[in-house]
Amino acid sequence: MPNVLFVWRRTPPPLLIGGAEVSQQLLAEEFAAAGWQVTYLGSHEPPWNGETQLPALRRHLAAHNVPYEARHQEIRYTWTGIRCRAVTQNRLHSALATALAEQHPDLMITSQEGAAALAVQARHDTKVAAWLHSVSPTSQNVLHGRPHAAMAVSRFVLSRARALSGTRLMLVYPPFTPPPATAPSGTGVLMINPVPAKGAALLHQVIKLLPRQKFTLVEGWWDTATEFTAYPNVTYLPRIYDMSAVYPDHRLLLVPSVVDDAFPRVIIEAALHQIPSLGTERGGIPEAIGPGGMTFPEHSDAAIWAAAIEAPRSPLLGRRAREHAVAFTRPLLPELAASGVIPP
């Protein structure tokens, strides 16, 4: 049985914080469904603050009736066919050494914080593939570990990647799951992760300009509810792991980022529900929107966004958005085999 090992300093499934977590879990599940033995090694102490997520992880597993084994600040369990293991940050390298020695994986996939050191540790024992989820140093620094392959999530990210000798760069768009073919019926406007980097300042202005328009904001990186709940036309939702029930109640998605987003998953997910996006011309946002929406220069006035939100919208735009998005709901393993990352 072929064996793949996912390793990073973030939490393993199922605690999904952002797009990188979702993409990697979907790929891990695809490996498992194809008959691979899949192990996901991570840490329950997120690298950005070091605060243990063990209580939250236990609660989540218990709520889903998933048995687990917890001892010595480590937790092990199986989630959707994936053998997961979360340890403390200071034990991650020793846990990786044990996994390499005992499992002899055919492939290791790593990314994000501290991934260069993980790649260096494993590259002489197995093939290492890095997944470049953004153009930030957090993501790109893995290239210093000289992984055998580096998979960029968009053409934009690929254009920014600077691989060292021995690393093959390739484009691997994230995986997506197709939703039911139902058209949206709502009139709301949706934004996910309303934090400063994602355009919260512009969002405040747009909300004030459109007092009769209903907005739904969904918690992302952290809770910003206190900044928006005073608006009578805003509904603020806590972080949601499955957005499939939220999308149909809306007619537009806003992506007013002021940073170079790599390839926002929310754009494709919304488009699969026939919801077009309005986004800034930054990073991979135009690449993700394609013909299914509109983009504006980063410093466009809030009145321009408000006018676009109020403009009558043809159902054709939603259908175009879905047609564009459906192309990303494909299996990834054939692409990895064609590029030599895994055996054909």
**OP:** Those residues that are farther than 14 Å from R265 by Cβ, modelled with pLDDT of 95 or more and in contact with an Asp or Glu (Cβ under 9 Å, 6 or more places away or on another chain), I need them from region 173-196; list them, please.
**Re:** P194
Subject >> Close pairs from region 252-274: first hydroxyl-bearing (S, T, Y), partner open to solvent by less than 10 Å² (accessible area, probe 1.4 Å) and part of a loop (DSSP other than H, G, I, E, B), Cβ under 7 Å, at least 6 apart >> reply: S257/G199
**OP:** Can you give me the number of residues within region 168-205 that are under 30 Å from A130 (Cβ atoms), touching a Lys or Arg at 6+ places or on another chain (Cβ under 7 Å) and not in a loop (DSSP other than H, G, I, E, B)?
**Re:** 1
Original post:
Got a number for residues in region 163-174 being open to solvent by less than 20 Å² (accessible area, probe 1.4 Å) and either of a type in the set (D, E) or under 24 Å from A197 (Cα atoms) (or both)?
Top reply: 1
Original post:
Checking A32 against (1) touching a residue at least 60 places away in the same chain (Cβ under 8 Å); (2) not in a loop (DSSP other than H, G, I, E, B), which single condition isn't satisfied?
Top reply: (1)
Original post:
Within the bounds of region 28-50, is there any residue that is at pLDDT 95 or above, more than 21 Å from the chain's Cα centre (by Cα), of a type in the set (A, V, I, L, M) and surrounded by fewer than 19 Cβ atoms within 10 Å (Cβ to Cβ)?
Top reply: yes
Original post:
Since K208 meets every condition but one in (1) at pLDDT 95 or above; (2) open to solvent by less than 20 Å² (accessible area, probe 1.4 Å), which condition does it not meet?
Top reply: (2)
**OP:** Would you mind telling me which numbered condition in (1) over 30 Å from L57 (Cα atoms); (2) part of a loop (DSSP other than H, G, I, E, B) L254 fails?
**Re:** (2)
Original post:
For region 85-104, which residues satisfy the criterion of being among the aliphatic types (A, V, I, L, M) and part of a helix (DSSP H, G or I)?
Top reply: L92, A95, L96, A97, A99, L100, A101
Original post:
Q73 fails exactly one of the following numbered conditions: (1) modelled with pLDDT of 95 or more; (2) of a type in the set (S, T, N, Q); (3) surrounded by 14 or more Cβ atoms within 10 Å (Cβ to Cβ); (4) more than 23 Å from the chain's Cα centre (by Cα). What is the number of that condition?
Top reply: (1)
Original post:
If you go through region 272-295, how many residues are open to solvent by 10 Å² or more (accessible area, probe 1.4 Å) and either part of a loop (DSSP other than H, G, I, E, B) or in contact with a helix residue (DSSP H, G or I) (Cβ under 7 Å, 6 or more places away or on another chain) (or both)?
Top reply: 11
Original post:
Can you find a residue in region 222-233 that is in contact with a Leu (Cβ under 7 Å, 6 or more places away or on another chain) and in contact (Cβ under 8 Å) with a residue 12 or more places away in the chain?
Top reply: yes
**OP:** Can you give me the number of residues within region 115-162 that are in a loop (DSSP other than H, G, I, E, B), open to solvent by 10 Å² or more (accessible area, probe 1.4 Å) and not small (G, A, S)?
**Re:** 9
Subject >> Hits in region 304-344 (condition: assigned to a helix (DSSP H, G or I), within 30 Å of N3 (Cβ to Cβ) and open to solvent by 70 Å² or more (accessible area, probe 1.4 Å)) >> reply: P334, A338
**OP:** Could you tell me which numbered condition S244 fails, if it satisfies all but one of (1) exposed (fewer than 15 other Cβ atoms within 10 Å of the Cβ); (2) at positive phi?
**Re:** (2)
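The values are calculated or read from the model by the stated rules, or taken from the named source; none is laboratory data. Only a predicted model underlies this, so the values are computations on that prediction, with no experimental measurement involved. All Cβ positions, glycine included, derive from the backbone under ideal geometry; neighbour counts span all protein chains shown. For the accessible areas, the whole protein counts, side chains as well, though only heavy atoms, and no ligand, DNA or RNA atoms are used. Shrake-Rupley method; radii C 1.70, N 1.55, O 1.52, S 1.80 Å.
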